[in-house]
Amino acid sequence: MKKITFALLLAVVYTMTLQAKEVTVNGIMYTLLVDDRAEVLSAKSVGGDVTIPATITDGGKTYKVESIFDEAFDSNENVTSITVEGNNMLYIGDNAFQYCTKLKTVSLPESVVSIGEGAFLGSGLETFKMPPVQSMGDGMFEDCYKLKSVELNAKNIKVLPKDTFFSTGLTSITIPKGFTTLGERSIALCSNLTSVSLPNTLTTIGNKVFQSCSRLVKLDFPSSLKTIGDDCFYENNLKTIILPNGLTSMGKNTFNKNNAMELLVLPPSLTQLGDHNFYYFKKLKRAYFKAHVILQQSNSNFTFGDLTQTVFVVPEELEYSYMMNDFWGKYKFGPDMIFDVNLDYEVDIADINLIIDAILGLGNAATVYASDVNEDGVADIADVNLMIDLILDL
């Protein structure tokens with residue numbers, strides 16, 4: 001019985017091989033499959049603006065072009081644009097357009113459901129609009145040094161895969177609502193990146209996601225965030241880090257070597273730190289610890305930086321415990337009093353002057369944060385009025 005089954009299988013494979021056929025149309029080689037489908041097999045000699053039709057005809061028979069095979073355009077240095085016509089295309093194979101160094105634009109229809117690993121690796125892409133795919137491979141745009149902008153689609157995708165934009169020329173990126181996870185190194189080594197928008201559906205930022213994005217100086221963290229991985233913001237230049245309440249896990253080396261850091265706010269939900277999170281902080285003005293327990297950490301967290309000017313702001317009931325702690329006792333502490341902008345244990349005209357400086361753009365990140373005494377997200381005249389009322393006991 002086993003011999004008969006194996007023989008039948010061989011017969012089926014042999015029949016399919018006989019019926020599959022390769023044809024070349026306008027310099028593109030296609031494989032014609034048995035069920036009226038066609039696949040782009042190879043197109044390494046075409047150049048300029050290339051159009052992949054929705055269908056091709058051979059021997060009076062029409063075939064739907066539904067896929068581009070792995071490495072079909074690999075290292076084609078002559079193609080400058082790709083346009084896929086119609087809505088028959090479903091699959092873009094692994095490394096399909098890798099190292100197409102002159103390829104600037106690719107237009108894909110919304111019928112595409114899957115784009116493979118390294119599909120545009122090392123290509124010359126400058127912009128890209130993602131169709132509503134159901135599957136994205138790792139490293140899709142890795143080493144696309146000329147890539148400036150991408151429009152992502154979160155209709156069917158929740159996770160940005162590993163190495164998606166690793167070492168690209170991105171200057172800004174918006175992660176649309178629906179994404180829950182940024183995979184490892186997915187946006188790392190983007191040295192031109194200055195603007196990132198994260199959605200309120202995001203729960204996890206994986207290891208090394210924004211590592212060495214040296215021009216990224218500001219990032220707003222969504223309230224949905226629960227986990228930040230190892231080395232996530234290593235060697236960035238973030239001036240302000242305000243982590244949301246609800247964050248419960250932060251790996252090691254997370255903010256290591258952020259030399260521009262002026263303000264750090266750790267939420268009540270975060271009670272333990274990984275190793276080496278805050279190495280080489282040289283400009284840190286204030287660090288707010290919101291947790292109502294002594295923050296547990298390793299001795300290697302706040303080292304190799306000049307913290308003599310840093311004030312650690314903790315809940316009032318824990319201030320004495322921090323100052324008596326074997327590790328924390330060597331640092332300067334201040335009270336977490338919402339109206340005491342300058343942390344001198346008094347609310348007076350000096351605090352109002354700091355708020356005015358913040359409004360005029362003269363304050364540092366720490367005093368600007370503290371100047372928002374009504375906690376509406378901005379330091380403005382309403383905060384000044386509130387302070388005046390408080391001082392006058394109105």
Exactly one of 71, 117, 77 is closer than 21 Å to residue 209 by Cα and among the acidic types (Asp, Glu), and that residue is 117
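The rows are residues; the columns are (1) of a type in the set (Val, Ile, Thr); (2) surrounded by 18 or more Cβ atoms within 10 Å (Cβ to Cβ); (3) touching a Pro at 6+ places or on another chain (Cβ under 8 Å).
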position	(1), (2), (3)
220	no, no, no
233	no, yes, no
240	yes, yes, no
272	no, no, no
Kindly check whether there is at least one residue in the range 127-147 that is in contact with a Phe, Trp or Tyr (Cβ under 7 Å, 6 or more places away or on another chain), under 22 Å from residue 211 (Cα atoms), modelled with pLDDT of 95 or more and not in a loop (DSSP other than H, G, I, E, B).
no
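Residues of the range 329-353 being assigned to a loop (DSSP other than H, G, I, E, B) and of a type in the set (A, V, I, L, M), which ones? Outline the logic, then answer.
So in the range 329-353, the residues assigned to a loop (DSSP other than H, G, I, E, B) come out as 331, 336-348.
Residues satisfying the conditions are 337, 338, 341, 343, 347.
Output the residue which, of all residues in the range 288-328 that are closer than 19 Å to residue 345 by Cα and assigned to a helix (DSSP H, G or I), is modelled with the lowest pLDDT.
Quick first cut of the range 288-328, residues closer than 19 Å to residue 345 by Cα only: 288-290, 309-323.
From the residues that got through so far, the ones that are assigned to a helix (DSSP H, G or I) too are 316-323.
On the way: 316: 82, 317: 86, 318: 87, 319: 86, 320: 86, 321: 88, 322: 85, 323: 86.
Out of the qualifying residues, it is 316.
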Within the range 318-328, does at least one residue satisfy the condition of being over 21 Å from residue 377 (Cα atoms), aliphatic (A, V, I, L, M) and surrounded by fewer than 15 Cβ atoms within 10 Å (Cβ to Cβ)?
yes
When you check residue 134 against the structure, is it in contact (Cβ under 8 Å) with a residue 12 or more places away in the chain and either at positive phi or assigned by TED's automatic domain parsing to the domain that holds residue 117 (or both), yes or no?
yes
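Pull up the range 157-201, narrow it to residues that are among the aliphatic types (A, V, I, L, M) and in contact with a Leu (Cβ under 6 Å, 6 or more places away or on another chain), then point me to the one that is farthest from residue 131 (Cα to Cα). Step through it out loud before you land on a result.
Residues of the range 157-201 among the aliphatic types (A, V, I, L, M): 157, 159-160, 170, 173, 175, 182, 187-189, 193, 196, 198.
In the following step, the residues that additionally are in contact with a Leu (Cβ under 6 Å, 6 or more places away or on another chain) were identified as 160, 170, 175, 182, 193, 196.
Numbers: 160: 14, 170: 19, 175: 14, 182: 19, 193: 23, 196: 21 Å.
Ranking the candidates gives 193 first.
Tell me yes or no: at least one residue of the range 81-92 is more than 29 Å from residue 154 (Cβ to Cβ) and either assigned by TED's automatic domain parsing to the domain that holds residue 137 or at pLDDT below 95 (or both). It would help to see each step written out before you state the result.
If we filter the range 81-92 for residues that are more than 29 Å from residue 154 (Cβ to Cβ), which is where we start, we get none.
Within the range 81-92 (the criterion being more than 29 Å from residue 154 (Cβ to Cβ) and either assigned by TED's automatic domain parsing to the domain that holds residue 137 or at pLDDT below 95 (or both)), the answer is no, since none of the residues qualifies.
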Could you please let me know if residue 380 is without any contact (Cβ under 8 Å) to a residue 40 or more places away in the chain, farther than 22 Å from residue 293 by Cβ and within 35 Å of the chain's Cα centre (by Cα)?
yes
From the option list 117, 77, 71, 110, single residue qualifying as more than 29 Å from residue 159 (Cα to Cα), part of a loop (DSSP other than H, G, I, E, B) and under 31 Å from the mean Cα position of the chain (by Cα) is 77
Only one of (1) of a type in the set (A, V, I, L, M); (2) modelled with pLDDT under 85; (3) in a helix (DSSP H, G or I) fails for residue 382. Which number is that?
(2)
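The values are calculated or read from the model by the stated rules, or taken from the named source; none is laboratory data. It should be emphasised that the depicted structure is a prediction, and the values quoted were computed from it without experimental measurement. With ideal geometry, Cβ positions are generated from the backbone for all residues, glycine too; neighbour counts draw on all protein chains shown.
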